[in-house]
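Remarks on the structure that follows.
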Amino acid sequence: MRIAVLGAGAIGAYWGAALHRGGADVHLIARGEHLRAIRADGVRVLSPRGDFVARPNATDDPSEIGPVDYVFLGLKAHAYPTSGSLVAPLFGDSTAVVAAQNGIPWWYFHKLPGPYEGRRIEAVDPDGATSRVLPPERAIGCVVYPATVIEAPGVIRHLEGTRFSIGEPAGGVSDRCTALSEAMIAGGLKSPVEPNLRDDIWIKLMGNVAFNPISALTRATMVEICQHPHTRRLVTQLMEETLDIAARVGSTPDISIEKRLRGAEGVGHHKTSMLQDLEAGKQLELDAIVTAVVEMADISGAEAPTLRTVHAATDLLAQRAAAGWEIDDTAQKAAPA
């Protein structure tokens, strides 16, 4: 089994190292100091489950790898539409794309029976740009539960979790999902093949759509958001609205809001990925996590007032961050008393 990891960051390098340890032929695509460290010393994983070092092939040029059986996307979702030159050399006739993204995937309505089948979600597939680069028929959905960070170039700190749930957009259990699941299990990961992965997507999204924007707006950790009574209520409202939207498009995730809150609170003083990106000056992953959900509310007729309000505030935050927090001095002058 040949596998390419495009975007071998914290999650991608951890996943690739685990599969290499399990016997897969893994090729990491990285850059800069991270790539140089992996080439020199391999990927060093520091984990409460046991440290290990894996030495997969590493490059910054996908054409050196050629066609593979699976491409694991470790990129942020907003990078998908412009990834064509990177993924094209990796594609053979039957190459599958494992999209390890947060939020709503571009393939969401692909082969989903019902009134929205084939509908495009502009927030994650603008004018079909993502689908042209990553045809939905290649997609294997993936919901990522582990928490990892790059501690130093080539060094991945695994904090918790080993589960990567996967599934076909069309549902059921396919041979390609089964084979990939077995490879992940051989590498020490949990990899259930879910006949209806969309329910898993919504379970994780319940947390992402609430905690990510609120943390970016308040700079608070997940436990701080949970323990402050007003933001806890705000999270509850966002989760209620998200479950309503999920039901309107045919998903009924089997989890209570209180259980989801307890799980988030148990994570402790953890900064969400959106807050980490904000502090690092990176583009916020807003489109897939929040904007796409608002678009699905529009599609399905959901009101979602709290979601729309939080989205408006976070969208302005993202615009200001992208502009480098430029301030018009004239706007800061005090008005006459």
**OP:** Have a look at Leu238, Leu284 and point out the one that is open to solvent by less than 60 Å² (accessible area, probe 1.4 Å) and in a loop (DSSP other than H, G, I, E, B).
**Re:** Leu284
Original post:
Hey, Gln227 hits all of (1) closer than 22 Å to Lys271 by Cα; (2) surrounded by 18 or more Cβ atoms within 10 Å (Cβ to Cβ) but one; which does it fall short on?
Top reply: (2)
Subject >> Test set (1) part of a loop (DSSP other than H, G, I, E, B); (2) of a type outside the set (A, V, I, L, M, F, W, C); (3) open to solvent by 70 Å² or more (accessible area, probe 1.4 Å) - Arg262 fails condition number >> reply: (1)
**OP:** Select from region 10-26 the residues that are open to solvent by 20 Å² or more (accessible area, probe 1.4 Å) and either touching a Gly at 6+ places or on another chain (Cβ under 9 Å) or under 16 Å from Lys76 (Cα atoms) (or both) and list them in ascending order.
**Re:** Ala10, Ile11, His20, Arg21, Gly22, Gly23
Original post:
Which of the residues that make up region 287-320 are open to solvent by 70 Å² or more (accessible area, probe 1.4 Å), assigned to a helix (DSSP H, G or I) and either over 21 Å from Val124 (Cβ atoms) or in contact with a Cys (Cβ under 8 Å, 6 or more places away or on another chain) (or both)?
Top reply: Pro305, Thr309, Arg320
Original post:
With respect to Arg176, is the statement that it is of a type in the set (Lys, Arg), closer than 16 Å to Asn102 by Cα and touching a residue at least 12 places away in the same chain (Cβ under 8 Å) true?
Top reply: no
Original post:
How many residues does region 272-314 hold that are more than 17 Å from Ser251 (Cβ to Cβ), of a type in the set (Gly, Ala, Ser) and in contact with a Leu (Cβ under 8 Å, 6 or more places away or on another chain)?
Top reply: 1
**OP:** Quick one: Ala246 ticks every box in (1) assigned to a loop (DSSP other than H, G, I, E, B); (2) buried (at least 18 other Cβ atoms within 10 Å of the Cβ) except a single one, so which number is it?
**Re:** (1)
Subject >> Matching residues, region 53-89, being polar (S, T, N, Q), surrounded by 14 or more Cβ atoms within 10 Å (Cβ to Cβ) and farther than 16 Å from Trp106 by Cα >> reply: Asn57, Thr59
Original post:
Can you list the strands (runs of 3 or more DSSP E) found entirely within region 90-156 that contain at least 3 residues being surrounded by fewer than 19 Cβ atoms within 10 Å (Cβ to Cβ) and touching a residue at least 24 places away in the same chain (Cβ under 8 Å)?
Top reply: 147-152
Subject >> Residues within region 213-224 that are surrounded by fewer than 22 Cβ atoms within 10 Å (Cβ to Cβ) and in contact with an Asp or Glu (Cβ under 9 Å, 6 or more places away or on another chain), tallied >> reply: 3
**OP:** Would you confirm whether any residue within region 36-47 is touching a Pro at 6+ places or on another chain (Cβ under 8 Å) and under 21 Å from Gly161 (Cα atoms)?
**Re:** yes
Original post:
For region 163-190, which residues satisfy the criterion of being of a type in the set (Ser, Thr, Tyr) and either part of a strand (DSSP E or B) or surrounded by fewer than 19 Cβ atoms within 10 Å (Cβ to Cβ) (or both)?
Top reply: Ser165, Ser174, Thr178
Subject >> So Asn208, is it open to solvent by 10 Å² or more (accessible area, probe 1.4 Å), under 18 Å from the mean Cα position of the chain (by Cα) and within 18 Å of Tyr145 (Cβ to Cβ) >> reply: yes
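The values are calculated or read from the model by the stated rules, or taken from the named source; none is laboratory data. These numbers come from a predicted model, not from an experiment. Neighbour counts run over all protein chains shown; Cβ positions are idealised from the backbone, glycine included. Accessible surface areas use protein heavy atoms only, side chains included; no ligands, DNA or RNA. Shrake-Rupley method; radii C 1.70, N 1.55, O 1.52, S 1.80 Å.
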